[in-house]
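Trainee: Mind having a look at this structure? Questions to follow.
The values are calculated or read from the model by the stated rules, or taken from the named source; none is laboratory data. If you're wondering where the values come from, they're calculated on a predicted model, not measured in any experiment. Quick reminder, even Gly has a Cβ in these numbers, built from the backbone with ideal geometry, and neighbours come from all protein chains shown.
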Amino acid sequence: MAARVNATSQDVQKPNLPSVQAQANASQPIPVALPIKAKIEMKGGGIRDGRVVQIDEKGQKLWIQGETEKRSLPLSQIEKIVFTKGAVVYRTNGVQFIRGEIPPATSTQAKWNGIPISAFELKDAAQGQAVVKLGPPVVSRGQLRGILGVAKDRQFVVDEMQFDVQKKTMTIAATPY
């Protein structure tokens, strides 16, 4: 005689779909390094040199440390920030290297557009250590998995930053080393 199984009496677990979707869509912190020397290109001409020490989203200002003084620049007047080759870069483990003296892990530069300025946090201005939270819609889930895979073994070093003050967003171009 064949055994009868009552499927309704078995405990069948379904995944919590909203929770799984939230994890897949959640932003992930990606460590990035800012080289110590930066050239800030101003709209309408002019260049300022220094180390980026703070990005003040509420005050809409960038703070830079020059050789002798710390000063602020309105984000609305900045065309872009270019981090120079030959500048000292610190890895997340504190080891430093000179950008340009070692080849990047890949010649492919990552460019992330539409990042909320609030998603960027400068953790250690002295060593240029920062974190940018990436996720949809800035990058797709597939792109995020790829970025996280690279970030496991490599350090993303920022090449350029630009700001869109009206949208309160920024663009970061970075190369993994």
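Trainee: Being surrounded by 14 or more Cβ atoms within 10 Å (Cβ to Cβ) and either at pLDDT below 95 or under 19 Å from Ala130 (Cα atoms) (or both) is the filter here, so list the residues in segment 73-95 that pass it.
Mentor: Residues satisfying the conditions are Leu75, Lys80, Ile81, Val82, Phe83, Thr84, Ala87, Val88, Val89, Tyr90, Arg91, Thr92.
Trainee: Follow-up question, since we're still on this one. Counting residues that are free of Cβ contacts under 8 Å to residues at least 40 places away in the same chain, hydroxyl-bearing (Ser, Thr, Tyr) and over 23 Å from Glu79 (Cβ atoms), which strands (runs of 3 or more DSSP E) fully inside segment 95-177 reach at least 1?
Mentor: none
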